[in-house]
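A short worksheet on the structure shown next.
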Amino acid sequence: MTPSNPSVHENKIQPFSYHAFLFPFKWEILFNSIKPFGERCSLEDFEKILGLNNDAQNLNRNQNLRWQRKHFVIDQQLAYNEYNYFYDFVRDVIYDRGDQDKKDFKLKSIVRHYDFKFPQENSFFEIDTGLKDTPLYQLKIRKIQLNIYETGVGIFSYHLENDTYDRPDDILNINQFGRRIFVGGYQLPGTYYDARKNLSPNEVQFVDLARHFKISFGNQTLITEDFQNCKDFEKFEKAPFFLPKTITELITYNAESSNKNALLTTEWSYESSEARIWIAPSIDDRMFVHCWYCYSNDNTVDEKKKGSKTKTELNSNQFNENSEFWYKYTFIDHQGGESHQNISFKNEIIEKSTYKRWSDYGTLYGISKYSFTMLCSDTGPEYLLSVHETMYLKMAELSLVQRATVLRFSDEVQYINSIEDEFKKNEMIRGLYEYHIRFINKIDFREITPQEQGIELYDMIQKTMRINEQVEFLDKELNELHDYALLLEEKTRLIEEKTRSRKLDLIAYVGLPITFISLIISFISLIKDINITDKVEKDNTEIEKFGLNFYSSTWILETIGILILFYCGHQIWTNFNTKRKNKLLAFSLLFILSFIFCILLPFIYRLISF
């Protein structure tokens, strides 16, 4: 590596560039059995396993704790401007405002925000690109943050400040190598057949992967990642990627477990007695880049003041929307070359990705699937830098959450389809569908701000990331899955109803003749007893006693008859709707006979006896 020899802006009052690297990921709690989506993506369990919920008092008492959950508060003018920029219904997903007690219910936060505490002085993120004639980049760490969402996704982010390197190639290198967190590909030998040979670990070379990352706080190195694990191909059998220590060791920093590395895994498995957190990239091996670069205007001229094409004027072309630098900066290419070999193709996609509202001020915005960049001159308005770090950063985070959630739900759909147990599958579908409705209502927005420039930029992000198309496809996918769940429920209901109907039919078929015979025998016995009492002389006491007993038995008979009538009425209604003629006829006959012998005749007897 060569020492840096950057040029410095005269009277510099802000950094040369700002780099926020955002890692969108999907996660879930791994139990020893299959559980519904809501239980696997519990914010409380995530927080408990990693020991993230700490207040300022706990952090001061225990110096080993770094993560602190932080609710959003308006404590300065910049925070007010940012908060006021968005619609109120959007703030619930971009800010952690804590659980809110309403009049009749408790409104739970759908996002939890955590800040990593560290000394602000002499804290650096170091990037060794391994390139010749390139400096060892040391960027000031401004913030390290973690956002966790109830939809099973999260965003981990570094926020870095560069006040040392101002060359365009340096900015490109920082973005390209800083965003790659594990190997995306290996360099292959030159020939067709050599490419099929397995190389030894010492021969393996990565594509656009840094030689190392290093995080230092207060002049003490905390974490170093050299990516040597990516040379062990045998480990890829269980998990196709490795997350760098600069992410895993920071996330698990507060955990109380003696084996912190076991708490966070990229291997998806339920074979564990201890709850762990599975984490995987939502997109690929690259972090999302949110960056602004403020170039010096000393060697450039205003486009409107051009006369002849002097050397100074030619230098100005590297910072306009048609320049090679602007393409590389927007699409995160580095100095090795552009990712295209067709000028018309380049012009077409750069036109779609460039926001030119303030181009006459020397300010351009670029949006791609992997970046949200701003390029401005050091003579432009300074407030643009703060706006890009706050409002536009939240805009990018929200869009990443939307995209990551759609992909997370699509993964869940595929997982549910692989479950053979229909009862468990139906339960899983119901759980996912509930969270899908919450996503539509609380996260997926067509508009997030009344500010015109914000509306235009948000529309560009949504279109570039194809979020609306993906949401529509997910809606269709989940609606079909929900319809399938309804079919499963209907199938289960019909099976249960058929089983219950068979049992009732058996009772009816056995009980119908028995009831009918019993009623006839009881009525004959009644007539016989009355005839006997007419022939045999008895005193008045015996006759009254017999009348009282029979009178009481009529009430019992009527009670039984009413129960039979209700049951028969239900069966008649059910079989009438299903058009089962045999059952309908049987229960109709039982209804008529029960009414005659259990209700009508006892009632007539009581009328005569009075």
By how many nm would the segment from I437 to Q138 lengthen if fully extended, with 0.36 nm per residue of separation less the alpha-carbon distance? 103.2 nm
Sequence order, the stretch 418-433: Karplus ³J(HN,Hα) from phi using 6.51 cos²θ - 1.76 cosθ + 1.60, θ = phi - 60°, Hz rounded, Gly and Pro as x, gives 7, 7, 8, 5, 5, 5, 5, 4, 4, 4, 5, 4, 4, x, 5, 5
Hey, can you grab everything whose amide H is under 5 Å from the amide H of D163? Only 5+ residues off in sequence or another chain; H modelled, so Pro and N-termini drop out. F16, K140
Going through K48/K369; K214/K260; K369/K442 one by one, the pairs whose alpha carbons sit over 25 Å apart turn out to be K48/K369
Hey, can you rank 215-221, 408-414 by average C-beta count inside 10 Å, highest first? 408-414, 215-221
Counting sequence-distant residues (5 or more places) and residues on other chains, those with an amide H built under 5 Å from that of G130 are R211
Ordered by packing density, taken as the mean number of other Cβ atoms within 10 Å over each peptide's residues, highest first, how do 474-483, 36-45, 136-145, 149-158 rank? 149-158, 136-145, 36-45, 474-483
Provide the net charge surrounding F124, with neighbours chosen by a C-beta distance below 15 Å and charges set as Lys +1, Arg +1, Asp -1, Glu -1. -2
If you roll a 1.4 Å probe over the stretch 67-169 with all protein chains in place, what percent of the accessible area is carbon or sulfur? 45
Here FRET efficiency (C-beta to C-beta, T379 to E497, R₀ 51 Å, nearest 0.05) is 0.05
Please work out how much length the chain gains when fully extended from S410 to R466, using 0.36 nm per residue of separation minus the C-alpha to C-alpha distance, in nm with one decimal. 18.7 nm
Just grab the label-to-label distance for Y484 and S418, each label 7 Å out from Cα along the Cβ direction, in nm (one decimal). 1.4
Suppose each label sits 7 Å from its Cα in the direction of the beta carbon; what would the N122-N347 distance come out to in nanometres? 5.5
Please give the contour-minus-distance gain from Q77 to W358: 0.36 nm per residue of separation, less the Cα-Cα distance, rounded to one decimal in nm. 98.7 nm
Give me the percent of the accessible area of the stretch 339-494 that comes from carbon and sulfur atoms, probe 1.4 Å, all protein chains in place. 52
Given R₀ = 22 Å, what would the calculated FRET efficiency be for D88 paired with I455, taking r from the Cβ atoms and rounding to 0.05? 0.85
Order 396-403, 277-284 from most to least packed using the mean count of other Cβ atoms within 10 Å. 396-403, 277-284
In nm, to one decimal, how far is the I34 label point from the D226 one, both placed 7 Å along Cα→Cβ? 4.4
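The values are calculated or read from the model by the stated rules, or taken from the named source; none is laboratory data. These figures come from a predicted structure and were not determined experimentally. For neighbour counting, all protein chains shown are included, and Cβ atoms are generated from backbone atoms with ideal geometry for every residue, glycine included. Side chains are part of the model used for accessible areas, which takes the heavy atoms of the whole protein and leaves out ligands, DNA and RNA. Shrake-Rupley method; radii C 1.70, N 1.55, O 1.52, S 1.80 Å.
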